[in-house]
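Structure record follows, encoded as structure tokens.
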Amino acid sequence: MKLLVTGGAGFIGTHLVRELLKRGHDVVVVDNFTLGHKENVDCFENNSHYKFYNIDIAQTKEFCTKLKDEKFDMVFHLAANSDIQKGGKNPDVDYNDTFMTTRSVLEFMRISGCKKLFFSSTSAVYGDKKELLKEDIGDLKPISYYGGAKLASESFIESYSYMNDFKTVIFRFPNVIGPNLTHGVIYDFTKKLQDNPHELQILGDGSQTKPYIYVLDLIEAIVKLTLDTPVENGVEIYNAGVEGATNVTTIANIVCEELGYENVKYNYTGGNVGWKGDVPKFQYDLTKIHNAGWTASKNSDEAVRETVRNIKES
């Protein structure tokens, strides 16, 4: 198959591209290195099945024009702002890098006739709900610009899918971690401890508790439920999650233990969130994705520990 991966130079995108090439597909990556890194995709340059475009996807006309001669069997749309704190300081970031990139992808698919789409959404679309999060739960009220842009993208995808007979799979990601991590709490703790091995600032009170999924488990799920499983007309939404959840203090303990930092003083900033728009706790109902035949190989704590070991090895 010929496949387009937007955001393919990013953390998750790089792992997906590697798996798709390993399976023998022709892969075209579009990225402008806002969050992705050129060195992430340099290793693919000599692969005859790989092609790269440096394009700002949010510029719809430019995006559609530069790809007008390409015909794809499926689009994997991963391009988005993933730095929630950065987006929280400037709403334009999520509007441009998340919503407008989605609009461009949908327009390109409409014009070019591509009918299959995978979209990376997020738990943030649910907002700060206390109950177990199920895909068909109603009254979605995201509390961050990031969550709002993802939910708006989902709505546009629903309408484009209906109007153009797209076959679409949406995954709502939890926190994704693993090799070559570029941001997030584990990354931040590691950098802080390198600067000061005696003290660690922890945003909030450390009780924030979320599921963390290992990126290679996530890639397996994406491929299984898009390429290995027939996609029906319309939109299928899955919570792509893991068993268990991990709180921030436990993550700090694992980082210190695995990287050999002893007697570290934790300095908490206080409150039950790290920043405005952060959801302190959530847990997925995983019934749907388990019934589809996929279960993560690592639970949340195991994913955190393995990720820290990846950092140590690199």
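The values are calculated or read from the model by the stated rules, or taken from the named source; none is laboratory data. Predicted model, so just to flag it, every value in this text is computed and none were measured. All Cβ positions, glycine included, derive from the backbone under ideal geometry; neighbour counts span all protein chains shown.
So which residues in region 130-146 are outside any strand (DSSP E or B) and under 20 Å from the mean Cα position of the chain (by Cα), if there are any at all? Once the filter is applied, which keeps residues that are outside any strand (DSSP E or B) and under 20 Å from the mean Cα position of the chain (by Cα), region 130-146 yields K134, E135, L140, P142, I143, S144, Y145, Y146.
Suppose the filter is assigned by TED's automatic domain parsing to the domain that holds S104, in a helix (DSSP H, G or I) and not polar (S, T, N, Q); does L21 pass it? It is true that L21 is assigned by TED's automatic domain parsing to the domain that holds S104, in a helix (DSSP H, G or I) and not polar (S, T, N, Q).
Selection over region 172-206 of residues that are touching a residue at least 60 places away in the same chain (Cβ under 8 Å) and closer than 18 Å to A245 by Cβ gives a count of 14. Just one of the numbered conditions (1) surrounded by fewer than 19 Cβ atoms within 10 Å (Cβ to Cβ); (2) outside the structural domain of E135 (by TED's automatic domain parsing) is not true of I202: (1). Take the conditions among the hydrophobic types (A, V, I, L, M, F, W, C), touching a Ser or Thr at 6+ places or on another chain (Cβ under 7 Å) and farther than 18 Å from V248 by Cα and apply them to F171. Does it pass? Yes.
When restricted to residues that are under 26 Å from L20 (Cβ atoms) and either free of Cβ contacts under 8 Å to residues at least 12 places away in the same chain or in a loop (DSSP other than H, G, I, E, B) (or both), region 70-128 contains 13.
Would region 45-54 turn up any residue that is among the aromatic types (F, W, Y), surrounded by fewer than 20 Cβ atoms within 10 Å (Cβ to Cβ) and in a helix (DSSP H, G or I)? Taking every residue of region 45-54 in turn, none turns out to be among the aromatic types (F, W, Y), surrounded by fewer than 20 Cβ atoms within 10 Å (Cβ to Cβ) and in a helix (DSSP H, G or I).
Can you pull out every residue in region 151-178 that is out of contact with any strand residue (DSSP E or B) (no Cβ under 9 Å at 6 or more places or on another chain) and more than 17 Å from I111 (Cα to Cα)? Once the filter is applied, which keeps residues that are out of contact with any strand residue (DSSP E or B) (no Cβ under 9 Å at 6 or more places or on another chain) and more than 17 Å from I111 (Cα to Cα), region 151-178 yields A152, S155.
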